[in-house]
Amino acid sequence: MSAITLRGMTWSHPRGYDPMVACAQDWLARTGVTIEWDKRSLQDFESFPVEDLARRYDLIVIDHPHVGQITAESCLAPLDLTGREAAFAALAGGSVGLSFPSYNWRGRQWAFPVDAATQVLAFRPDRLAAAPGSWAEVVDLAKAGEMLLPLRPPHSLMCFFTLCGNLGRPCSVERDVPFVDVEIGVQAIEMIRELAALTDAACTEMDPIAVLDRMGEAGSRYSVSPLIYGYVSYALAGFRANRIAFADMPVAGGAGPVGSALGGTGIAVSAFSAHRKVAVDFAYWIAAGPQQAGRYWQTGGQPGHAAGWEDEAANAATLGFYRNTRQTLEGAWLRPRHDGYMSFQEAASERINQAVTGREPAGKAIADLNALFLKSFARNG
């Protein structure tokens with residue numbers, strides 16, 4: 001029996017923590033290897049330096065926009081390894097949308113998706129007969145006082161990304177292309193500004209968890225959140241007083257539910273781990289179809305593998321969460337991932353909030369966003 005103990009870090013929501021603990025129990029029974037999981041807040045998860053975590057943990061759940069910075073800091077171990085080609089190909093083939101390639105950077109794979117998500121629509125099926133499918137319907141619900149929108153950084157930027165993509169001109173991910181088209185960027189700012197003026201001012205301090213908690217609490221008057229990362233937990237019976245259903249994003253452009261800003265998480269292995277091979281073994285195992293379509297979703301996870309998204313029992317238990325948001329996920333847009341993007345994400349989110357809660361011309365904010373984006377490449381020379 002092995003005496004190895006690994007340490008893992010994930011994020012502090014049942015969706016991020018509970019399945020990791022449950023799967024670690026199964027892994028212990030299979031291999032004798034113990035994995036002790038710690039957790040951090042969503043805000044910390046989105047901003048905490050990965051290198052600091054890599055020096056303390058063997059396994060780390062990461063967000064894909066970190067990969068450029070991670071590569072520059074050499075703090076994670078690549079997972080595309082000789083002798084594992086078949087298993088690697090199977091994981092790649094099971095990707096939903098761009099979840100698997102989102103962790104590929106400079107020709108190497110730095111994590112495997114264990115959780116797939118993108119901005120979709122959340123609604124209360126006890127209050128609405130059907131999910132609103134158009135932006136105009138969303139505005140009507142906002143005017144009726146039934147809408148919340150998560151605008152706490154970085155989610156204001158995620159809404160901006162999604163709208164630009166859905167309107168047909170996604171934001172740039174390259175240094176040599178302006179970050180955002182002025183005409184589309186102004187339109188997106190004005191659309192967010194309209195919703196922000198129609199909802200609770202506290203939304204600028206609310207992330208998706210806070211919004212969904214508010215929608216799900218007893219006596220809540222809120223029926224919809226039009227651009228929000230899907231959280232399967234809230235679709236489960238008994239998780240909150242009110243169940244929340246999820247659907248494809250409302251359409252503002254002419255190409256259907258496309259352009260949503262991809263989210264989700266991946267499992268990575270520290271380059272500093274004293275038990276790197278053992279940690280890699282676990283990463284391959286937990287990201288594979290059998291676990292993702294079984295123990296992982298059954299203990300509150302939101303799978304990153306298509307086998308979980310297509311599982312009939314998973315859909316039956318979650319008001320069709322996976323089936324009803326799959327089209328948006330398959331058409332989701334991949335954010336910039338260069339070294340320097342994370343500081344841009346923070347600054348751009350704050351700039352968007354300033355614009356949507358103020359009266360300045362939207363074009364001024366777009367000019368500032370384009371300048372900030374170009375500046376974010378400075379550390380790359």
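The values are calculated or read from the model by the stated rules, or taken from the named source; none is laboratory data. In this text the structure is predicted, and so the values were computed from the model without any measurement. Reconstructed Cβ throughout: ideal geometry from the backbone, glycine too, with neighbour counts over all protein chains shown.
What the table shows:
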read-out: Residue among Arg351, Arg359 that alone is assigned to a helix (DSSP H, G or I), of a type in the set (Lys, Arg) and either in contact with an Asp or Glu (Cβ under 6 Å, 6 or more places away or on another chain) or without any contact (Cβ under 8 Å) to a residue 40 or more places away in the chain (or both); value: Arg351
read-out: Which numbered condition Arg276 fails, given (1) within 30 Å of Gly331 (Cβ to Cβ); (2) outside the structural domain of Pro132 (by TED's automatic domain parsing); (3) not hydrophobic (A, V, I, L, M, F, W, C); value: (1)
read-out: Unique residue being touching a His at 6+ places or on another chain (Cβ under 8 Å) and at pLDDT 95 or above when the list is Gly216, Gly256, Gly266; value: Gly266
read-out: Within region 168-186, considering residues that are assigned to a helix (DSSP H, G or I) and touching a residue at least 40 places away in the same chain (Cβ under 8 Å), the one surrounded by the most Cβ atoms within 10 Å (Cβ to Cβ); value: Gly185
read-out: Flag for Val114 being over 23 Å from Ala355 (Cα atoms), touching a Pro at 6+ places or on another chain (Cβ under 9 Å) and not small (Gly, Ala, Ser); value: yes
read-out: Failed criterion for Met342 (all others in (1) crowded, with 19+ Cβ neighbours inside 10 Å; (2) on the phi > 0 side of the Ramachandran plot hold); value: (2)
read-out: Those residues of region 81-110 which are touching a strand residue (DSSP E or B) at 6+ places or on another chain (Cβ under 9 Å) and not in a loop (DSSP other than H, G, I, E, B), in sequence order; value: Phe88, Leu91, Ala92, Ser95, Pro101, Ser102, Tyr103
read-out: Residue tally, condition free of Cβ contacts under 8 Å to residues at least 12 places away in the same chain and on the phi > 0 side of the Ramachandran plot, over region 45-92; value: 1
read-out: Residue pairs meeting the criteria (Cβ under 6 Å; at least 6 apart or on separate chains; first more than 11 Å from Gly97 (Cβ to Cβ) and free of Cβ contacts under 8 Å to residues at least 12 places away in the same chain, in region 309-338; second of a type outside the set (Phe, Trp, Tyr) and buried (at least 23 other Cβ atoms within 10 Å of the Cβ)); value: none
read-out: Filter result for Gln109 (without any contact (Cβ under 8 Å) to a residue 40 or more places away in the chain and either of a type in the set (Ser, Thr, Tyr) or touching an Asp or Glu at 6+ places or on another chain (Cβ under 9 Å) (or both)); value: yes
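Yes/no per residue for (1) surrounded by fewer than 18 Cβ atoms within 10 Å (Cβ to Cβ); (2) assigned to a strand (DSSP E or B):
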position	(1), (2)
Leu227	no, yes
Ser233	no, no
Ala255	yes, no
Phe282	no, no
Leu319	no, no
